Amino acid sequence: MAGDESIVTIDGPAGSGKTTVARNVAQRLGFRFLDTGAMYRAAALAALDRGVSLDPLDAAGAVSALRAADLSLAEDGAVTLGGASVEDRIRGPEVTRAVSAVAAVPEVRRQLTELQRRFAARAHPGLVAEGRDMATVVFPCASHRFYLDASVAERARRRVEELRQHGGEAPGIEAMIALIRARDEKDAGREAAPLCIGRGVRVIDTTALALDEVVERILAELGARQ
Ligand code: DC
């Protein structure tokens, strides 16, 4: 694996801005970028495609769907199933509803964690990885670990705006707040690698910040510690 200094982790709940921020930080540093939420989404898609029961969850079915789907990461970090990009299929409401259940399966997490570490090992000169357990489980030795948070109302506002910008159907703010709360509870309440703030992780509340201000803040911290 690449040295600790070369890995930046950015965790946080849905709508905290971590994907946009992580992508921009990676670009500014000339580092690779890894969206691990996209990997869990692809695992959920594989389960849906195979008709695996999600409620109640057929955990063994989700694991064998993942094996059969041949999930891997392209050189640029894009997630593929059977060699084909799935980016345009993993952002819809069906996958979003299914993903927390699939992400709670320990064997699914073990397999994806392994892929994430292998990707980091070949990410030169470094990697910015975003998700829920980057600092706590996958890269606990990374020197630069951040957790982005924001109020639930602001996170819901951002998600609705993002969906509208992509021309998709967006629920109202109240409905989005309920959806985000439900997903937070599942992500933070599960036994395997729950969403939480690791020790020594720098927390940034992004509620009142533009996302480029968050990028600048992270870059300033990295500069200050190097
Ligand atoms: O960041 P996102 O909304 O695309 O993430 C999708 C889901 O994947 C989210 O509900 C939690 C899960 N996830 C996870 O359990 N661990 C990660 N490292 C990243 C995402």
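No value in this document is a laboratory result; all are computed from the given coordinates. All values reported here derive from a predicted model rather than from experimental measurement. No Cβ is skipped: glycine too gets one built from the backbone with ideal geometry, and neighbour counts run over all protein chains shown.
Some points to look at:
- This model, with +1 at the C-beta of Lys and Arg and -1 at the C-beta of Asp and Glu, gives region 145-226 a dipole about its Cα centre of some 260 debye.
- Only beta bridges with both residues in the chain are counted; by DSSP, about 25 percent of them are antiparallel.
- Overall, region 1-112 carries a charge dipole of about 140 debye about its Cα centre when +1 sits on the Cβ of Lys and Arg and -1 on the Cβ of Asp and Glu, all other atoms neutral.
- Listed residue (PRO194, ILE177, SER143) projecting farthest to the positive dipole end of region 113-213, Cβ model: SER143
- Computed as a quarter of the hull surface, the mean projected area of the alpha carbon convex hull for the chain stands at 11.6 nm².
- Sites counted here are GluC sites (Glu not before Pro) in a DSSP loop (not H, G, I, E or B) having no more than 15 other Cβ atoms within 10 Å; the longest part of the chain that contains none of them is 76-168.
- Span-like helix ranges in the chain, DSSP H, alpha carbon extent 30 angstrom or more, Kyte mean at least 0.0: none
- A Cβ-based charge dipole, computed about the Cα centre of the chain with Lys and Arg at +1 and Asp and Glu at -1, lands at about 280 debye.
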